[in-house]
Amino acid sequence: MVTEPVRILVVGGGYVGMYTALHLQRKLKPELRRGEVEIVVISPDPYMTYQPFLPEAAAGSISPRHVVVPLRRVLDRCRVIVGEVTAVDHAKRTASFKTLATQEEGTGPLDLTYDEIVLAPGSISRTLPVPGLADYGIGFKTVEEAIGLRNHVIEQMDIASSTRDPAVRDAALTFVFVGGGYAGVEALGELEDMARYAARYYHNVKAEDMKWILVEASGRILPEVGEEMGKYTVRELRRRNIDVRLETRLDSCEDRVAVLSDGARFPTRTVVWTAGVKPNPLLAATDLPLTERGRLKCTAELTVDGAPHAWGAGDAAAVPDVTAEQPGTECAPNAQHAVRQAKVLGDNIAAAVRERPLQEYRHKYVGSVASLGLHKGVAHVYGRKLKGYPAWFMHRVYHLSRVPTVNRKSRVLAEWTLSGLFKREIVSLGSLEHPRAEFELAAGGRRPKES
């Protein structure tokens, strides 16, 4: 009698999705070889983005292609589908998804049945109803956005260098970043460092001509590295003439004018939004239990509470922190937890398939590191507080050890070595965002409007 293989569906190809599938294909290698288990990964992109490297990719220290990991190459024993899951009916063990082909053909979503499901769709940018944000705001969550922002910053310097209008020049050289977490501080630090270096190649643009503004609604930045290191970061940024505004919100950015809650107004062509994330909307299209914040209600074993054969981790899951002193504490939705949870998740799913007991997710706090530009950073590691060059070096060592595959580690290390020997690249390739623009113009079309 031929039995159907146990199908494990992994929704999402980010940290949790890729690492869980990678761990599963190692743990279940005998079952995969015998055809007893099938692992299916559905992801909107054919690659995993190592997000901690986005600021360095934006600054040109790392090539964009080395920030991403091809899923098909790494998950060679899994079936990878590039598509988007639109709904999950766990009662029927069915997931609906669409692919590029279904959109091209105009057909409806496809259905896929499963035995076990891992929901790891990640998160999306948490935006607020700020007037003008949808029209002029720039995100910083994907490699495309990081490279687009790099091109944009250099293009603004080109505009400032060539215009005769003081108002246009001032707006082009004003850069507003909203959000004082990892993404905002690291992106601002790396790009300011890059722009400061690039200014030496402009005859009429100096580093002191540029205005860099960090807007944070709370009273501190980088809470992950501790209050002392957060205060040091504020001092370090202000020493570089970066305007750090705490307990301040962005009220509007209509008509390319950033209006802050403290009454300040800055004409600007650059508003970068890094003010947090929220759960993926897919979670609301499932019949699984969610918390008040819209995340999956999970157990310490990373199962979805009250939903057998459903699993969750990372940004999408509210996982209880069993090591915390205060009951009810949840694990923070960050990359450090995501990678560690994925290993336990892979072990537990393999154990469930083999009908063995599950283990709880427990973690030991290692620390946090943040880069503030070339040779500058802050870190709080194993109780030790570092700043400046040692912290920056620790930042690179830590993330080099965490980026997946030896291939990527070697390429990133080679690029860092070469960037230390040669000068920075300050070329803008903004045309990559509209590669057909010149041909459309030649064929009688119109150039795309500037975003």
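Looking at this structure, is Leu214 out of contact with any Pro (no Cβ under 6 Å at 6 or more places or on another chain), buried (at least 20 other Cβ atoms within 10 Å of the Cβ) and either among the hydroxyl-bearing types (Ser, Thr, Tyr) or part of a helix (DSSP H, G or I) (or both)?
Values: out of contact with any Pro (no Cβ under 6 Å at 6 or more places or on another chain): yes; buried (at least 20 other Cβ atoms within 10 Å of the Cβ): yes; either among the hydroxyl-bearing types (Ser, Thr, Tyr) or part of a helix (DSSP H, G or I) (or both): no.
When the stated conditions are applied, Leu214 does not pass them.
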Checking the structure you have, find out if any residue of the range 367-377 is free of Cβ contacts under 8 Å to residues at least 60 places away in the same chain, assigned by TED's automatic domain parsing to the domain that holds Glu192 and surrounded by fewer than 16 Cβ atoms within 10 Å (Cβ to Cβ).
yes
Does the range 65-83 contain at least one residue that is in the same structural domain as Ala342 (by TED's automatic domain parsing), of a type in the set (A, V, I, L, M, F, W, C), under 23 Å from Leu288 (Cα atoms) and touching a residue at least 60 places away in the same chain (Cβ under 8 Å)?
no
Within 16 Å of Ala171 (Cβ to Cβ), in contact with a strand residue (DSSP E or B) (Cβ under 9 Å, 6 or more places away or on another chain) and not in a strand (DSSP E or B) - does that describe any residue in the range 231-242?
no
For the structure I just gave you, tell me whether Pro320 is surrounded by fewer than 20 Cβ atoms within 10 Å (Cβ to Cβ) and closer than 21 Å to Leu358 by Cα.
yes
Scanning the range 238-288 for residues that are of a type in the set (Val, Ile, Thr) and at pLDDT below 95, which turns out surrounded by the fewest Cβ atoms within 10 Å (Cβ to Cβ)?
Val277
Suppose the filter is in a strand (DSSP E or B) and in the same structural domain as Arg150 (by TED's automatic domain parsing); does Ile221 pass it?
no
Of the residues in the range 306-322, those that are part of a loop (DSSP other than H, G, I, E, B) and farther than 11 Å from Val16 by Cα number 7
Could you check, for the range 90-112, whether at least one of its residues is out of contact with any strand residue (DSSP E or B) (no Cβ under 7 Å at 6 or more places or on another chain), of a type outside the set (Gly, Ala, Ser) and under 30 Å from Thr299 (Cβ atoms)?
yes
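Name the single residue, out of those in the range 25-54 being in contact with a Cys (Cβ under 8 Å, 6 or more places away or on another chain) and among the aliphatic types (A, V, I, L, M), that is nearest to Ile147 (Cα to Cα).
Val41
Checking the structure you have, find out if any residue of the range 19-42 is farther than 30 Å from His152 by Cα, hydroxyl-bearing (Ser, Thr, Tyr) and more than 27 Å from the chain's Cα centre (by Cα).
Step one: list which residues in the range 19-42 are farther than 30 Å from His152 by Cα, which gives 19-42.
From what is left, the residues that are hydroxyl-bearing (Ser, Thr, Tyr) are 19-20.
With more than 27 Å from the chain's Cα centre (by Cα) added as a condition, the list becomes none.
The answer is no; no qualifying residue exists.
Residue by residue, here is whether (1) in contact (Cβ under 8 Å) with a residue 12 or more places away in the chain; (2) small (Gly, Ala, Ser); (3) not assigned by TED's automatic domain parsing to the domain that holds Ala58 holds:
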{"position": "Arg93", "(1), (2), (3)": "yes, no, no"}
{"position": "Phe97", "(1), (2), (3)": "yes, no, no"}
{"position": "Glu105", "(1), (2), (3)": "no, no, no"}
{"position": "Asp115", "(1), (2), (3)": "yes, no, no"}
{"position": "Glu144", "(1), (2), (3)": "no, no, yes"}
Residues (within 26 Å of Ala187 (Cβ to Cβ) and acidic (Asp, Glu)) located in the range 255-307
Asp255, Asp262
Conditions (1) within 23 Å of the chain's Cα centre (by Cα); (2) more than 24 Å from Gly367 (Cα to Cα) -> Ser252 fails only (1)
So Tyr365 ticks every box in (1) more than 15 Å from Phe53 (Cα to Cα); (2) in a helix (DSSP H, G or I); (3) aromatic (Phe, Trp, Tyr) but one. Which box is left unticked?
(2)
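For the range 198-208, how many residues meet the condition of being in a helix (DSSP H, G or I) and either surrounded by 15 or more Cβ atoms within 10 Å (Cβ to Cβ) or small (Gly, Ala, Ser) (or both)? Steps first, please.
Taking the range 198-208 first, the residues in a helix (DSSP H, G or I) are 198-201, 207-208.
Remaining after also requiring either surrounded by 15 or more Cβ atoms within 10 Å (Cβ to Cβ) or small (Gly, Ala, Ser) (or both): 198-199, 207.
Selection size over the range 198-208: 3.
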Could you count how many residues in the range 288-305 are polar (S, T, N, Q) and either free of Cβ contacts under 8 Å to residues at least 40 places away in the same chain or assigned to a loop (DSSP other than H, G, I, E, B) (or both)?
2
Does the range 40-56 include one or more residues that are over 29 Å from Gly139 (Cα atoms), in the same structural domain as Thr286 (by TED's automatic domain parsing), of a type in the set (A, V, I, L, M, F, W, C) and surrounded by 16 or more Cβ atoms within 10 Å (Cβ to Cβ)?
yes
Give the range 18-53 a look and list any residue that's outside any loop (DSSP other than H, G, I, E, B), under 30 Å from Gly184 (Cα atoms), out of contact with any helix residue (DSSP H, G or I) (no Cβ under 8 Å at 6 or more places or on another chain) and not hydrophobic (A, V, I, L, M, F, W, C), or say none.
none
What's the total number of residues in the range 243-267 that are polar (S, T, N, Q) and not in a strand (DSSP E or B)?
2
Of Val427, Val397, Val344, which residue is exposed (fewer than 15 other Cβ atoms within 10 Å of the Cβ), out of contact with any helix residue (DSSP H, G or I) (no Cβ under 6 Å at 6 or more places or on another chain) and not assigned by TED's automatic domain parsing to the domain that holds Met194?
Val427
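The values are calculated or read from the model by the stated rules, or taken from the named source; none is laboratory data. None of these values were measured; they are calculated from a predicted model. For neighbour counting, all protein chains shown are included, and Cβ atoms are generated from backbone atoms with ideal geometry for every residue, glycine included.
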